[in-house]
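Some notes on the structure that comes next.
Computed from the coordinates by the stated procedures, all read-outs in this text should not be read as laboratory data. What you see is a predicted model, and the numbers here were worked out from it, not measured in a lab. Please note: Cβ atoms are built from the backbone with ideal geometry, for glycine as well, and neighbour counts cover all protein chains shown.
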Amino acid sequence: MVDANRATKGVKINMKTIPYGHQCINQDDVREVVGALNSEWITQGPKIAEFESALCDYAGVKFAVAVSSGTAALHIAALSAGLRRGDEAITSPITFAASANCILYCGAKPIFADIQPETGNIDPIDIVKKITRKSKVLVPVHFAGYPCDMQEIAIIARKNDLLIIEDAAHALGARYKGSKIGSCKYSDMAILSFHPVKAITTGEGGAVLTNNKRLYQRLLMLRNHGITKDSKSLDRKMRYCGWYYEMQELGFNYRLTDIQSALGISQLKKLDFFIEKRRKIAVTYNKAFNGNHFFDVPKENKDVFCAYHLYPIRLKKDLELKRDGIFKLLRDKKIGVQVHYIPVYLHPYYKKLGFKKGICPAAEDFYHREISLPIYPALTSREIQYIINTVFEVCNRHKNG
Ligand SMILES: Cc1ncc(COP(=O)(O)O)c(C=O)c1O
C-alpha cells in the first residue's frame, strides 16, 4: 500500500466543470510509465505478467489475462464460455452496451432480466423467469461498484448448468460477503475495465480473472490471434523447435502493452486508498442527503462493501418528470452529472433487432429517475460541499416550480 497522502499529491484537474469521474495520476505513475518507455520492452514484455500477477494477488484469484479494454475482456470471456449462435445469455439492461454487445459478438442472443430498484443490479428472481433451454451464460453487472447478489446467482447457475461472467468493470475494490470482487468465488470469470473513470486506469485496458485453468488457456490464445506456443498442444514433430507456434483458432490482437501495464502496476498499489477516498465521499453525501424529500441514495446492506464507482441518486416519483430539467441546471452550474444508463435494449441498434420497450419495467423506471453525482479520489471537500448545496438548491427550485 502506498502512503495515502501521496496518492493524490500533485494531481491537478484543470476542468471548468466538475466531471462525474476522473483518473488519479501523479508523478509516481508517470515515473513508472517513463521507466517502461526506456526499457527493452514496450509491449509483449515482462510488465504484463507482473501486472497480471499483481491483479491475482489483489483479487485472490489464480489467473489474470490483461487485455486492451473491458470490452475485449468481455468478448474473449464470452467466447471462452463457449457462447455461440443459437445460445442465449442473460444480462442486465442497466449497464454500458458492452455487457450485452459481447453476447452479440459471439452470434448469441442477449436476454435482459429486470433489476432491483434499490441497487440497479440484476434481480435473481427475474433471471429465473428468463431462463430457457437455450440459456448458457449469465453476465451480472455490479452496477456502480455495488456487488450483485452473487450467492443467489451462483445457485441459479448451478441448478441450470450456466456459466457466470461477472462484469466487474465498476467493482474492482468491492467486496461481497467478505470476498473481493474478482476472486471468482461465485463465478467462472470476472472482467475488469481500466478506462480512466474506473477505480484504476491504464488509459484503455481490461482483464479477465478466473480460477479455471482451461478457461485461462483459451483466454490467452484468444487475446493473441488464437496463437499458442504451449508445447503440449503443438504438432508432435515440431514442438521442440524453439521458433514454432500454431494458430489454432480465430483470435484477436487484444494485447495490453508494457507501457500500460507499468501504469496499471503503479495504480494498483494505490487502489485501496482510492476506494477509501470514494467511500469517504459517499459517507459525506449520505450524511448530507439523509432523509431528504427529493431523492433516494445508495445504501449498503450487510453483505456488500461498495467500490462507489458511481454515486447514483434516484429522484422520488414526484420529481421523476423533472429529471432532465434538474440535470440541465446541474450541468449549467458546472457539475458534470451523468445518467447511468439508458436500458441497453432501448438503443436504436437493439430496437432494430426487435427488442421492445417494456421488457424490464423496473430498469426503465430506474433510468428515468437516475442521476450520477461526481465521485472520484481527487474531488476536494470544497467541491463536495458545492455539489451538495447546488443539488439541494436545484431540487428545491424544481419542487416548487
Ligand atoms: C459495466 C461496463 N462493462 C464494460 C465496459 C467496457 O469497458 P471498456 O470501456 O474498458 O471497454 C464498461 C465501460 O464503461 C462498463 O461500464
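If we count every other residue with Cβ under 14 angstrom of TYR350's Cβ, Lys/Arg +1 and Asp/Glu -1, where does the sum land?
It works out to a net charge of +4.
Could you tell me what percent of the DSSP beta bridges with both partners in the range 66-196 are antiparallel, to the nearest 5?
The antiparallel fraction comes to roughly 20 percent.
Treating the beta-carbon of each Lys and Arg as +1 and of each Asp and Glu as -1, no other charges, what is the dipole magnitude of the range 263-347 about its Cα centre, to the nearest 20 debye?
Here the size comes out at about 280 debye.
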Quick one: ILE265, ILE342, fewest Cβ neighbours within 10 Å first, how do they rank?
ILE342, ILE265
Spatial separation of Cα centroids for the range 82-107 and the range 308-335, in angstrom:
29
By average C-beta atoms within 10 angstrom, highest first, the peptides 204-215, 299-310
204-215, 299-310
Given the options TYR285, TYR350, TYR341, state which has the largest fluctuation in a GNM of the chain using a 10 Å cut-off (strictly under) for Cα springs.
TYR350
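Restricting to DSSP H runs of at least four residues, report the calculated mean residue ellipticity at 222 nm for the chain, -39500 (n - 2.57) per run over all residues, nearest 500 deg cm²/dmol.
Details: 14 runs with 151 residues, N = 401.
So the helix-based figure for the chain works out to -11500 deg cm²/dmol.
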Estimated dipole of the chain in Debye, rounded to 20 [Cβ of Lys and Arg +1, of Asp and Glu -1, Cα centre]:
380
Under 15 Å Cα to Cα from LYS198, which aspartates and glutamates show up? Leave out anything in the same chain fewer than 8 places away.
ASP167, ASP272, GLU276
Could you tell me which GluC sites (Glu not before Pro) in the range 230-286 are loop residues by DSSP with no more than 15 other beta carbons within 10 angstrom of their beta carbon?
GLU249
Greater than 29 Å apart at Cα, pairs in LYS180/LYS229; LYS47/LYS213; LYS317/LYS351; LYS136/LYS269:
LYS180/LYS229; LYS136/LYS269
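Among bridges DSSP assigns within the chain, what percent are antiparallel (round to 5)?
Here the antiparallel bridges make up roughly 65 percent for the chain.
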Once both label points are put 7 Å beyond Cα along the C-beta direction, the ASP318-VAL34 separation in nm becomes 5.8
Angle, helix 323-332 long axis vs. longest principal axis of the chain, Cα atoms, 0 to 90°, nearest 10?
90
Count neighbours as other Cβ atoms within 10 Å of each site's Cβ, and list the trypsin sites (Lys or Arg not before Pro) in the range 22-99 that are DSSP loop with at most 12 such neighbours.
ARG84, ARG85
